[in-house]
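Written out below as structure tokens is the structure these notes cover.
Here, each number is a calculation from the coordinates, and none is a lab measurement. Please read these numbers as outputs of a predicted model, since none were measured by experiment. Virtual Cβ from ideal backbone geometry, glycine too; neighbours counted across all protein chains shown.
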Amino acid sequence: MTTLNTLGIAKPANKTRVVVAMSGGVDSSVTAGILAREGYDVVGFTMQLYDHGAAVKSAKSCCAGQDIYDAKRVADALNIPHYVLDYEATFQKDVIEKFADSYVAGETPIPCVLCNQTVKFRDLVKAARDIGGDCLATGHYVQRIIGAHGPELHRAVDPARDQSYFLFATTRAQLDYLRFPLGGMMKPEARSLAKQLNIAVADKPDSQDICFVPTGRYTDIVTKLRPEAAQPGEIVHVDGRVMGLHKGVVNYTVGQRRGLGVGGEADPLYVVRIDPTTARVIVGAKADMLRDAFKLTGVNWLGAGEGIAPEGIRANVKLRSTQPPIAATILPGDVPGAANVVLDEPEAAVTPGQACVFYDGERVLGGGWIAREDAKAFVPHNMRKEKAAVT
Amino acid sequence: MTRPQLIYLDHNATTPLSPEAKAAMSAAFEVPGNPSSIHRAGRAARALVEDAREAVAALAGAKPADVVFTAGGTEANALALRGLVRAMGCRAALCSMVEHPSVIANMTDVESFLAVDANGVVDVAALQQRLKNMPSPVLVSVMLANNETGALQPVAEIARLVHEAGGYVHCDAVQAPGRLSFSLASLGVDALTLSAHKFGGPKGVGALVMRAGLKVTPLFEGGGQEKSRRSGTENVIGIAGFGAAAKTVPQRLSAVAKIASLRDGIEARIVQSVPGAVIHAKSAARLPNTICVSVPGVASQTQVIQLDLAGVCVSTGSACSSGKISLSHVLKAMGVADELTATAIRVSLGVETTEADANAFLESYIPIALGQAGGNA
């Protein structure tokens, strides 16, 4: 038997076709560069996700923004074939529309997870398989480690760069096919490799915000797609007092303090809840935001066994990408794909639409979407078939 | 990684530079003058331009004075469509639905487009009807051969009808030289567009060939070169290559039978080996070198990428500069279902294409078309 190559495949590097998802940024460029240097048969794919010209309201451009151009130039320099795949329609349907739906439903969505789940790890994985790729490598900072029962997802070695929160929805089958060569690396190491490999984008700043909202004003996109998200409504205190009016639920996220335009209280006011059916933004004191139990939908399980053990598990959970993990007990829900989370200590700003990701130390055990408290027949925004009915 | 040997089957996109054009261009590099200068160096440059003009005129069966050099087919189309409309006082312009984007982009009215049949051929009877209800004079632009399918248009017949109605006819003939015999007179058109790189010349040089007596308003003002029809110092090196390539057209035409037989062989093998394969415009009169084929179930892009990774260059119907692919407007106009349009590729042969190239293409293509390549799925 042939020994395993550095990607864990039993073939020599030059017989192993690795598709690299190249965004035009430093990380994916370095990923392509190191694999090409190791002698793999590297093929670069860049996804055309939205009309960049339309997004920045410039004159109609023939498709590509700067990032696609950068990816092409990096591929040229590395002397690897490179292709642009058009996923505009599916990105619109599976990411942008769902992003807007989520706001209408009173949530705060994470479009990057939706994109990873759909366009990247469903469609791009298929495209990579279609052209005979042995695996798909990305520039994500996350580790894929082979355990006793197959590949496991682990946090990146560089804690400041760890992207595991955004990858909780990666299925076992996808994880099997994916590779993350940068997961074991510190970011400065990647930057210096970029210089060594003569990658032109070595000094390019890291991407910020949401890619399809280059202006930073996501509310424009949401209200264009879902005008009801800009419907004015009342700002109501948890005790029932109407505190003022707002210009649409799209402008609010649970836990928000600034920009409420209401005051006169002894303590600062926070958004505690958003009620999409009445277009009400409910505010209260910090203590009103505290929650210690909530439901999850769309749960993906990557730990041992087929799912969360019936008696529940102990794990650390992250409720926001920027938050440190906190101790919790996780119980299976009453329907498949659901779970209940009980935090050891109550936490402020448990925000519907954000992810709750389970960790056992460095290992990702899975995660799910934080459901709205008042949602009875809640369908997570990433699974809705059609536009959510809003009354 | 060592890459497989290149098999180039995308001659409708561009052709390799011919040795003749390359030699002429190398010689032109040595000539320092500006063709408008009165000194010896200028005269030498002028001579290169005028020699080329004669060769290009001969290719189109026109007089040297009829040839206006441009920076390619797109500019020649724009000059014809905007310039003729303005200078000749045309009150409307029409073109077929299967024209190149550089023609379509010059149409200002959504009513400007002429329907085509299932082979992509203009419906002449419908055109005749349209002409009865149009303000006169009208400018009609119809291509000689389609870049995606190779289908030929009844240009001479269209020209006759349009002239009877008092209009003018422009023909985008960029795909025709070396693949089809034609002349300004045999087509009966008023103006036609040529592009050097479609028959062994360099990229970035073209010409509008126009019947004597016609006027065009230039696209931009300047030093008044090309009889004030196209200002700007002539691209002497490119034009020299264009002229040399024009002189190779008779040789190229003599290879047409060989190319057609390679094409027929490829098409027969595809139809025989790939169930459900559709050759577009197969029953139309068409160029000898062009195959536009759909296979159910395998996206065009996947096919083109897989073929490229195997060293075979073919193209999808229409790709923009970034590589993003949109459904072909040509196949759409022909009424081809979207599922088939989304799986179409274009294979276009050239004078240097060999039987071995054809076989190498088929060896790669057939498993891809059958969905058997890739393997991991």
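Dividing the Cα radius of gyration of the range B:19-247 by 2.2 N^0.38 Å, with N the residue count, gives 1.01.
Which whole number gives the average count of other chain Cβ atoms within 10 Å of the Cβ atoms across peptide B:295-304?
Per-residue shielding by partner chains comes out at 2.
Checked against a 18 Å cut-off, the cross-linked pairs B:63/B:227; A:11/A:72; B:22/B:258; A:93/A:120 give Cα-Cα distances beyond that limit for A:11/A:72; B:22/B:258. Within the same chain, lysines fewer than 8 places from residue A:247 are excluded, and of the rest, those with a Cα less than 20 Å from its Cα are A:224. The angle separating the long axis of helix B:355-369 from the principal Cα axis of greatest extent in chain B is about 60 degrees. Counting Cβ atoms of other protein chains within 10 Å of each Cβ in A:11-20 and taking the mean gives 1. Note on chain A: semi-axes of the ellipsoid equivalent to its C-alpha gyration tensor, largest first and rounded to whole Å, are 38, 26, 18. Estimated from helices alone, the mean residue ellipticity of the protein assembly as shown at 222 nm is -7500 deg cm²/dmol (sum of -39500 (n - 2.57) over DSSP H runs with n ≥ 4, per residue). Just checking the listed ones, B:25, B:210, B:88: in the Gaussian network model of chain B with Cα springs under 10 Å, the one fluctuating most is B:88. Annotation: average projected area of the range B:138-265 is 8.9 square nanometres, based on the convex hull of Cα atoms across all directions.
When a footprinting reagent is the concern and you count Cβ atoms within 10 Å, what order do A:347, A:189, A:311 take, fewest first?
Working: A:347 18, A:189 14, A:311 8.
By the 10 Å Cβ count, ascending, the order reads A:311, A:189, A:347.
Computed over the alpha-carbon atoms, the protein assembly as shown gives an Rg to Rh ratio of 1.05, Rh here being the Kirkwood radius from the mean inverse distance. Measure nothing fancy, just the Cα-based angle from helix B:155-164's long axis to the longest principal axis of chain B, in degrees from 0 to 90, nearest 10. Tilt of helix B:155-164: around 40 degrees. Using only alpha-carbon positions, what ratio does the radius of gyration of the range B:261-306 give when scaled by 2.2 N^0.38 Å? So the range B:261-306 has a normalised radius of gyration of 1.18. Here residue B:247 is the anchor, and the aspartates and glutamates within straight C-alpha reach of less than 15 Å, apart from those fewer than 8 places off in the same chain, are B:20, B:50, B:51, B:54. For the range A:231-288, the Kirkwood hydrodynamic radius from C-alpha pairs, put into Stokes-Einstein at 37 °C and a viscosity of 0.692 mPa s, yields a diffusion coefficient of 298 µm² per second. Beta bridges from DSSP with both residues in the range A:231-288: antiparallel share about 75 percent, rounded to the nearest 5. Stick to the Cα atoms of the range A:182-296, pair each with every other, and give me the Kirkwood hydrodynamic radius in Å at one decimal. Its Kirkwood hydrodynamic radius stands at 17.5 Å. Computed from label points 7 Å out along Cα-Cβ, the spacing between residue B:185 and residue A:277 is 8.5 nm. Within the shell of other residues whose beta carbon sits under 12 angstrom from the beta carbon of residue A:16, the net charge comes to +1, with Lys and Arg scored +1 and Asp and Glu -1. The mean number of partner chain beta-carbon atoms within 10 angstrom of a residue's beta-carbon across peptide A:33-42 is 1.
The C-alpha atoms of chain B define a longest principal axis, and helix B:236-247 lies at about 70 degrees to it.
Ranked by the mean number of other Cβ atoms within 10 Å of their residues, highest first, the peptides B:310-316, A:42-48, B:112-118 come out as A:42-48, B:310-316, B:112-118.
Using C-alpha pairs under 8 Å with a sequence gap of at least 6, the mean separation divided by the residue count of chain A gives a relative contact order of 15 percent.
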